[in-house]
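Before any comments, here is the structure.
The values are calculated or read from the model by the stated rules, or taken from the named source; none is laboratory data. The model shown is predicted, which means the values in this text are computed figures rather than measured ones. As a convention, Cβ positions derive from the backbone with ideal geometry for all residues, glycine included, and neighbour counts pool all protein chains shown. Surface areas here come from the heavy atoms of the whole protein model, side chains and all, with no ligands, DNA or RNA. Shrake-Rupley method; radii C 1.70, N 1.55, O 1.52, S 1.80 Å.
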Amino acid sequence: MKRLLEWIFGLDRGFLNQEGDLSIQFHPRWPGQDTLDYLFTKIGFGPVGAAAWNVVLALAAIALVIYVYRREGRSKGARISLAVIRCLILGFVLALLNMPVFTIGQSRTEPSVLAILVDDTISMRVRDAGPNPAEPLTRMDAILQLLKADDQALVKDLSKTHILHFYRFDRQAIPVVALASQKKPDEETKNESAEEKKQALDYAPILTAFENLKPEGQTTQVLASLRSAIEDLQGQRLAGVVILTDGRNTPKEIIPEGLAALKNFGVKIYPVVVGSDKPPKNLQLEAINVQDAAFEGDIVNIKATVRAVGFEAGHHARVQAINSKTKLPLKRANGQPVEKDVVVENDKPVEVELQWKPEKVDTVDIDVIIVKEPGELNEEDNIRNVQVAVLDAKLNVLYVEGYPRWEYRYVKNEMIRDATVNISCLLTSADPTFAQEGDAPDEKTNFPGPIKRFPESIEEILKYDVVIFGDVDPRQFTDAQLQLVKDFVSKRGGGFGMVAGPRFAPAAYRNTALEELLPVLITRVQEGRAASIKDGFRPELTRDGAESSIFRFFEDKAKNENFIKNEIQPIFWFCQGVQVKPGSGEVYAQHPTVTAPDGRKAPLLVLGRYGAGRTLFSAIDDSWRWRFYTGENVFDTYWIQQFRYLARSKKLGQRKLNFQTFRTAYELGEQVRLSLKILDPQLLAQLPEQIPVEISSAADDGKTVYRENLVRQEGQVDLYLSSYTADRIGKFKAKLPPIAGGVDAMEIPFEVNVPRLELNEPQVDRQLLSRVASETMGKTYELDQAKAHLAADIPSAAKQIPVEISEPLWNKDRALAIFVLLITIEWVLRKSYGML
């Protein structure tokens, strides 16, 4: 039947099958209709202009039909049938003039939309949330627990009323996942199977999306993120925005402007407070200071800077050092683990000194650890990793002296007794038949044993790690031999030291090849022995000297400092007029009162670098006095550590290359810089312009996360550099593959840490969140209140919108056909009645 009507009225197929209220409406537009409406309205009848036209025309049509009816002379039946047809024709025309339209009245629902924003910045790693204070959760875990609780009850309750749009945010809101409302009309759900209804309630994508979130955002902008989420949903029926955050802005936003912009949107904000108002507890290893190379059996000082926040005064923390590969504790000289208790002060750095004695040659990765405390802000900053190259302690030393002064005698005898030193002594004032002293030859270290002359070739001098000149006349050497010493240091990484004396050293070496080598300026030094010092003096250590192993005679730091300051035997001579060479030397010990020509305190021990090697200048020759009352310990330590400093570059050079990071710790977003120094000229000639290096992550089981290239530097062909931006947090290793035959693969550890900005003050900013809720007519909730109240407190913003589907009838072909049909019927009837 409906299809027949659709055909009769010329409607589109299926038009009458649409759901809704079917009606016929008229939309007449008569001449002067607006004027009539106005006039009738004025006199109190309302807009009846169209009705007036219809009444007039209907009366006119009736009058016309009656008039014609009375004038026709046929039978009454004929006249009535013609009158009926004519009324139909005139009525049909009048109906078309009123522009009839078929209308189906429907309605559609604009659904309610709710935005849910989750903070995924670094502060969400803070462990101060959750229902159990004794076992606090991270803020992000507490949010996940809220979303998952009671079979996702909160999400399900909200989705009954709203379409949910989930966002994560740091500086702005970023869409994560959307969930359509589960509220449907009864007619849509009555035919759904049980399986379809089960699928409709699948919330797994939401939980998966948030479980995969890693809170690594470096800055939090609460107001900007709210604005971006609202702008993203503009044009929809937004019931409000739920934001789960600690509210801590970093850096600070302009609050009044941001709140005004939010208020203009007219959207209610519902903050859910995540975290604690109290300053969090945290122990942090701020820095580790340790030399990059040490000798087997040496005492290595590991200095750690510890900072504590949120702990009571007098709180104890334990610092340990372990081998990061074996996870075993490092050992002290007495065999005990390397660890120390430290009393921390709130938000003040405390320096802790650990002492380690390496037992074998190796490259050791060390984890320095603060034992974790429950509820710490950031457990990742409790550990730092450093790498120390443990070198073969056996040193080959050539000691050249002009005459058998006390310093020479004691140094010679001490070093011959020391098992870690092979020493060759050359006393230039001795008779030619004098048997020069020294240790026996050692094939393992290529040590030549006692010698009768100074080396004359690079092969001879390379048998030594260190060359020491005492108070020896430079005329004992040829220019070529002095140049040989210079090349030994600058090109081959050897060590050279000079011990001043009253006769020749250092003044006599002006204008020689060794003057440039020394870490001091000697132009103002006068030859000849200075006047004797009636009252001796004790050396004053600089910061570098106090931190070095040269002057570390006792394990206890306070005892060591007191010994050097008050107990060590005084010195009665030093070389005056010496100045530190700018950019080359570092003063380790200085005179307590006497000044140098440059106005600074006169240097007594200066260490430096020259080319590939290391240098040293000692302005005293009285260290032999330090054996008095202390035995050999102080004197032996002082000289052994000087020799080991000088030998370090050459010993490292035996590895052929040096691969390192510029720092052991970086912050997210900084440039990680790697360097490769080639120490072997023969190896250098084999290498290409670029060398690949891999960066692996400890968090991903050693998986390679970056591949970079070390690039040879113009103007410094033995140096390769590479850098990349640290875009993830964690512990990493830079792996250098074997780059040539005989060269092993190398690894260096480093770490990328949380930027301090986000964790400086991570406690909840309750004031900001309350202002946001108040200004937008929303409400603030504690995390434990959200599940019970959020769904009930956020009303639906859905709206029913009426929709009319219209189909005009007056302009259809069918209307013209009906009109023609009626006219034709009227003509046929008149014809049949003999009226034509």
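Among residues belonging to segment 209-230 that are open to solvent by 70 Å² or more (accessible area, probe 1.4 Å) and not charged (D, E, K, R), point out the one that is modelled with the lowest pLDDT. Steps first, answer last, please.
Taking segment 209-230 and keeping what is open to solvent by 70 Å² or more (accessible area, probe 1.4 Å), we get 211-212, 214, 218.
Within this subset, residues satisfying the condition of being not charged (D, E, K, R) are 212, 218.
Numbers: 212: 84, 218: 79.
Among residues in segment 209-230 that are open to solvent by 70 Å² or more (accessible area, probe 1.4 Å) and not charged (D, E, K, R), the one modelled with the lowest pLDDT is 218.
Here is a list: 168, 127, 139. Which entry is modelled with pLDDT under 85 and crowded, with 19+ Cβ neighbours inside 10 Å?
On the way: 168 fails: modelled with pLDDT under 85; 139 fails: modelled with pLDDT under 85.
On inspection, the qualifying residue turns out to be 127.
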Inset, instruction - Kindly indicate whether residue 472 is surrounded by 20 or more Cβ atoms within 10 Å (Cβ to Cβ), under 57 Å from the mean Cα position of the chain (by Cα) and of a type in the set (Val, Ile, Thr). - result: no
Inset, instruction - Name every residue in segment 733-744 that is farther than 14 Å from residue 662 by Cβ, in contact (Cβ under 8 Å) with a residue 40 or more places away in the chain and not in a loop (DSSP other than H, G, I, E, B), in order of residue number. - result: 735, 736
Inset, instruction - Check residue 631 against each of (1) within 26 Å of residue 423 (Cα to Cα); (2) touching a residue at least 24 places away in the same chain (Cβ under 8 Å); (3) open to solvent by 20 Å² or more (accessible area, probe 1.4 Å) and name the one condition it does not meet. - result: (2)
Legend entry - Verdict on residue 706 being assigned to a strand (DSSP E or B) and either open to solvent by 10 Å² or more (accessible area, probe 1.4 Å) or under 30 Å from residue 219 (Cβ atoms) (or both): yes
Inset, instruction - Residue by residue through segment 406-437, note down the ones that are touching a helix residue (DSSP H, G or I) at 6+ places or on another chain (Cβ under 7 Å) and either loosely packed, with under 14 Cβ neighbours inside 10 Å or free of Cβ contacts under 8 Å to residues at least 60 places away in the same chain (or both). - result: 406, 423, 425, 428, 437
Legend entry - Among the residues listed as 341, 367, 277, the single one being touching a residue at least 12 places away in the same chain (Cβ under 8 Å), in a loop (DSSP other than H, G, I, E, B) and either surrounded by fewer than 21 Cβ atoms within 10 Å (Cβ to Cβ) or in contact with a strand residue (DSSP E or B) (Cβ under 6 Å, 6 or more places away or on another chain) (or both): 277
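Please specify each residue of segment 231-248 satisfying the condition of being open to solvent by 10 Å² or more (accessible area, probe 1.4 Å) and not basic (Lys, Arg).
Filtering segment 231-248 down to residues open to solvent by 10 Å² or more (accessible area, probe 1.4 Å) leaves 231-232, 234-239, 248.
If the condition is that a residue be open to solvent by 10 Å² or more (accessible area, probe 1.4 Å) and not basic (Lys, Arg), then 231, 232, 234, 235, 236, 238, 239 are the ones that fit.
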Inset, instruction - Having 3 or more residues that are in contact with a strand residue (DSSP E or B) (Cβ under 8 Å, 6 or more places away or on another chain) and closer than 30 Å to residue 632 by Cα is the bar; report the helices (runs of 4 or more DSSP H) wholly within segment 377-490 that clear it. - result: 406-417
Legend entry - Candidate set from segment 1-60 (those that are open to solvent by less than 60 Å² (accessible area, probe 1.4 Å) and on the phi > 0 side of the Ramachandran plot); member that is nearest to the chain's Cα centre (by Cα): 20
Legend entry - Whichever residue in segment 344-363 is touching a Leu at 6+ places or on another chain (Cβ under 9 Å) and open to solvent by 30 Å² or more (accessible area, probe 1.4 Å) and, among such residues, is modelled with the lowest pLDDT: 361
Inset, instruction - Please find, among 762, 749, the residue that is open to solvent by less than 60 Å² (accessible area, probe 1.4 Å), touching a residue at least 40 places away in the same chain (Cβ under 8 Å), touching an Asp or Glu at 6+ places or on another chain (Cβ under 6 Å) and of a type outside the set (Gly, Ala, Ser). - result: 749
Legend entry - Top-ranked residue in segment 717-746 [being open to solvent by less than 30 Å² (accessible area, probe 1.4 Å) and under 20 Å from residue 668 (Cα atoms); ranked as farthest from the chain's Cα centre (by Cα)]: 722
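Restrict the check to segment 557-565 and report whether at least one residue is touching a Ser or Thr at 6+ places or on another chain (Cβ under 9 Å) and either over 29 Å from residue 584 (Cβ atoms) or open to solvent by 10 Å² or more (accessible area, probe 1.4 Å) (or both). So that I can check it myself, show each step before the final result.
If we filter segment 557-565 for residues that are touching a Ser or Thr at 6+ places or on another chain (Cβ under 9 Å), which is where we start, we get 563.
Checking which are either over 29 Å from residue 584 (Cβ atoms) or open to solvent by 10 Å² or more (accessible area, probe 1.4 Å) (or both) leaves us with 563.
There is at least one residue in segment 557-565 that is touching a Ser or Thr at 6+ places or on another chain (Cβ under 9 Å) and either over 29 Å from residue 584 (Cβ atoms) or open to solvent by 10 Å² or more (accessible area, probe 1.4 Å) (or both).
Being in contact with a helix residue (DSSP H, G or I) (Cβ under 8 Å, 6 or more places away or on another chain) and among the charged types (D, E, K, R) narrows it down to one residue among 125, 71, 108; which is it? Walk me through how you get there before you give the answer.
Numbers: 71 fails: in contact with a helix residue (DSSP H, G or I) (Cβ under 8 Å, 6 or more places away or on another chain); 108 fails: in contact with a helix residue (DSSP H, G or I) (Cβ under 8 Å, 6 or more places away or on another chain).
Going through 125, 71, 108 in turn, just one is in contact with a helix residue (DSSP H, G or I) (Cβ under 8 Å, 6 or more places away or on another chain) and among the charged types (D, E, K, R): 125.
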Legend entry - Answer residue from segment 24-61, given it is of a type in the set (Phe, Trp, Tyr) and not in a helix (DSSP H, G or I) and is nearest to residue 809 (Cα to Cα) among those: 26
Inset, instruction - Answer yes if at least one residue in segment 592-602 is in contact with a Lys or Arg (Cβ under 7 Å, 6 or more places away or on another chain), under 30 Å from residue 750 (Cα atoms) and in a strand (DSSP E or B), and no otherwise. - result: no
